[in-house]
1. Find all pairs meeting these conditions: Cβ atoms under 9 angstrom apart; at least six residues apart or on different chains; first residue within segment 465-491 and closer than 19 Å to residue 442 by Cβ and outside the structural domain of residue 433 (by TED's automatic domain parsing); second residue buried (at least 17 other Cβ atoms within 10 Å of the Cβ) and modelled with pLDDT under 90.
2. Of the residues that sit in segment 41-63 and are over 14 Å from the mean Cα position of the chain (by Cα) and crowded, with 22+ Cβ neighbours inside 10 Å, which one is farthest from residue 113 (Cα to Cα)?
3. Out of segment 492-520, which residues are surrounded by 18 or more Cβ atoms within 10 Å (Cβ to Cβ) and free of Cβ contacts under 8 Å to residues at least 60 places away in the same chain?
4. So which residues in segment 64-81 are under 21 Å from residue 158 (Cβ atoms) and surrounded by fewer than 17 Cβ atoms within 10 Å (Cβ to Cβ)?
5. Based on what the data block shows, is residue 273 in contact with a strand residue (DSSP E or B) (Cβ under 9 Å, 6 or more places away or on another chain) and surrounded by fewer than 17 Cβ atoms within 10 Å (Cβ to Cβ)?
6. Among the listed residues 176, 208, 244, identify the single one that is in contact with a helix residue (DSSP H, G or I) (Cβ under 8 Å, 6 or more places away or on another chain), at pLDDT 75 or above and surrounded by fewer than 19 Cβ atoms within 10 Å (Cβ to Cβ).
7. Out of everything in segment 521-545 that is under 29 Å from the mean Cα position of the chain (by Cα) and surrounded by fewer than 16 Cβ atoms within 10 Å (Cβ to Cβ), what residue ends up being modelled with the highest pLDDT?
8. Kindly indicate whether residue 80 is modelled with pLDDT under 95, more than 18 Å from the chain's Cα centre (by Cα) and either under 22 Å from residue 212 (Cβ atoms) or not assigned by TED's automatic domain parsing to the domain that holds residue 218 (or both).
């Protein structure tokens, strides 16, 4: 009988053991429910990959069903590492492409991936680059047949795939914390507890089984992607000299500066050899010559290129193949930007001096074309200069969080909702207003105000305003800042940018059939974004399967021991009574 007691005590001790510790290992007293929640759960600041749709299907990421995804976190050093169970994978950014390619080819491995957490630290393989876009972005709009050409050598195309699991990019502040927690899983310091990630990335289109833009717009589970471009016309300057339509597009110009030679070189990608195109090339060369002391060079793109690079000009040419146009870029045959369409394409990846040089080149080129005389006086051209300090200020305001939209030039025009500028295109909630849109984001509103101010006529521009102006030729700038709103004469307007195959009726969006008269309609993907309820990522500690099995064994042991003790005690008592 005595030997049974220690076994019973051990079993009871297992059953009464605490099921979890604080995620941070804290032992402070808990005084409220929020304290308990903070001890148990940690919300992780991160950036999700969401679900986008087009007419042919889906891309992006989503939870596979209608519930949250919960899985233990396993850290991968290499995309070739193995999983033994369903897990959330934490890995460096440079291994992400390899992981996604492996998931697309190895279904057994893919079924073990519950979610992906991407570390946000630096990218060691900068010489190789990281671009989730295709090798030929916007290839469907190309006005030539060679769509297999690789403009974007670093492109992997992973952003164009569909992933039925959540993917989050960790913020720099939370990366180290998550790594430390995952180290506890790998170290095995406590066999009874496991750190798990809880992904809340349930997309409404997944819940409603609307897997393309047509069905999701019909069922109201998505909204059209789109934003507001800005338009202005220098009518009073150019109207007497316009003879033929022409497009001069400024493409990627932030990496034209050669640090070794201090020369800035740009490439003119021209379409055709019409007289208008030749005049534009001549004007660019004249402008370049006038910038001799600034060492700004212009070169014609290699004739072996299949045509113009990915650009808006491609759509102009698909619409009108005879249109003249030039795209000004900082590359010849392939992108110099190795982080195209990536969060790593940051201010550190460009040079403000290169942007200023491009501005000077374009300004002088436009003046030459507007004057109607390709042999403009050099002294006149040299009077056209760029405010380099303004360019540097705009780069800091528009491309970074420091100073971001807290800079004075932004605060003079708008009251931004966030300090960090957002470059996400956004969605249209209802019919867009082209003059004073209600849903224009901070960046759109600032650029509109800035352009209207810089291109405004001085005459009649002193009247104050708080919203709209009385004259149709005027716009109200600075209206968001109390006491600073004023009416100016400007042609600056908002231009809603969304699919041409969409229309809105009774506050509902509809896809309209492609017109045979519109060559762009047949290749328009009609992009939309899924609704969602909430998006979140948090981590916490749970008891492991080992702990559950020990509890089961302990419970069975207690039951068996109790039964044995009961039988023995009953037998003992029966004998004692009989002896009496």
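The values are calculated or read from the model by the stated rules, or taken from the named source; none is laboratory data. On a predicted model such as this, the values are computed, not experimentally measured, just so you know. In this analysis, Cβ positions are derived from the backbone assuming ideal geometry, glycine residues included, and neighbour counts consider all displayed protein chains.
1. Going by the 9 Å Cβ cut-off, there are no qualifying pairs.
2. Among those residues, the one meeting the criterion is 53.
3. 501
4. Answer for segment 64-81, where residues must be under 21 Å from residue 158 (Cβ atoms) and surrounded by fewer than 17 Cβ atoms within 10 Å (Cβ to Cβ): 64, 77, 78, 80, 81.
5. The answer is no for residue 273.
6. Numbers: 176 fails: in contact with a helix residue (DSSP H, G or I) (Cβ under 8 Å, 6 or more places away or on another chain); 244 fails: at pLDDT 75 or above.
From the options 176, 208, 244, the qualifying one is 208.
7. The residue in question is 536.
8. no
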